[in-house]
Amino acid sequence: MEGRQNRKFIQALTLLEFLADPRDYRKFEDVKKIVARYVATTREEYARILERFLELTGKKDPTTQLFIGYHTRIIHIGERLDTIIPNPDNRRNVFEELDGHIRPIIDHMIAHSQLDFAEYLELRDKMRPFES
């Protein structure tokens, strides 16, 4: 069961990478900025989302220099999500949080599905009110 949750977590992050740029690889540093544009309604929320994605991916503890980001711990260190987040309700909250980032992107794409991809990217590039 828990191995399945690892896969679902990684698949959700991979889907975000794909939605950010289905034609090329982007570092998650860039992906999170694209994703945050769809969700944030204030500059503070935008910054909070960027920081949260760091926690979900590759954050390092500033004191110990150990990786504490979930993605890095699962993929590179071999930990399991149920070890990282032992409480089942908290794990569910993480998946709901990821869904809350995926769904607005897909809804936006559907709402603008009459555009070709280049036109859509132009529209998306205008979504910059909270970028630093």
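Any read-out appearing in this document is the output of simple, stated calculations on the displayed coordinates, not a laboratory observation. Because the structure is a prediction, the values reported are computed rather than measured. In this analysis, Cβ positions are derived from the backbone assuming ideal geometry, glycine residues included, and neighbour counts consider all displayed protein chains.
With the helix formula -39500 (n - 2.57) applied to DSSP H stretches of n ≥ 4, the chain reaches a computed 222 nm mean residue ellipticity of -21000 deg cm²/dmol. Each label point was placed 7 Å from the Cα along the Cα-to-Cβ direction; for residue 18 and residue 127 their separation is 1.8 nm. Taking all Cα pairs closer than 8 Å and separated by 6 or more residues, the relative contact order of the chain comes to 30 percent. Near the amide H of residue 60, within less than 5 Å, lie the amide hydrogens of 68, all on another chain or at least 5 residues away, with H placed in the peptide plane. Look at where the Cα atoms of region 26-46 and of region 48-86 average out, and the two centres are 18 Å apart. With θ taken as phi - 60° and the Karplus curve 6.51 cos²θ - 1.76 cosθ + 1.60 applied, the whole-hertz 3J(HN,Hα) list for region 57-68 is 10, x, 5, 10, 5, x, 7, 8, 6, 7, 6, 10 Hz, x standing for glycine and proline. Relative to the current alpha-carbon distance between residue 76 and residue 10, full extension at 0.36 nm per residue lengthens the span by 22.6 nm. With Rh defined as the Kirkwood radius, the inverse of the mean 1/r over Cα pairs, the Rg/Rh of the chain is 0.99. On full extension, the segment bounded by residue 117 and residue 60 gains 16.9 nm, given 0.36 nm per residue less the C-alpha separation. Take the Cα of residue 39, go 7 Å toward its beta carbon, and the backbone nitrogen atoms of region 61-85 under 15 Å from that spot belong to 70-71.
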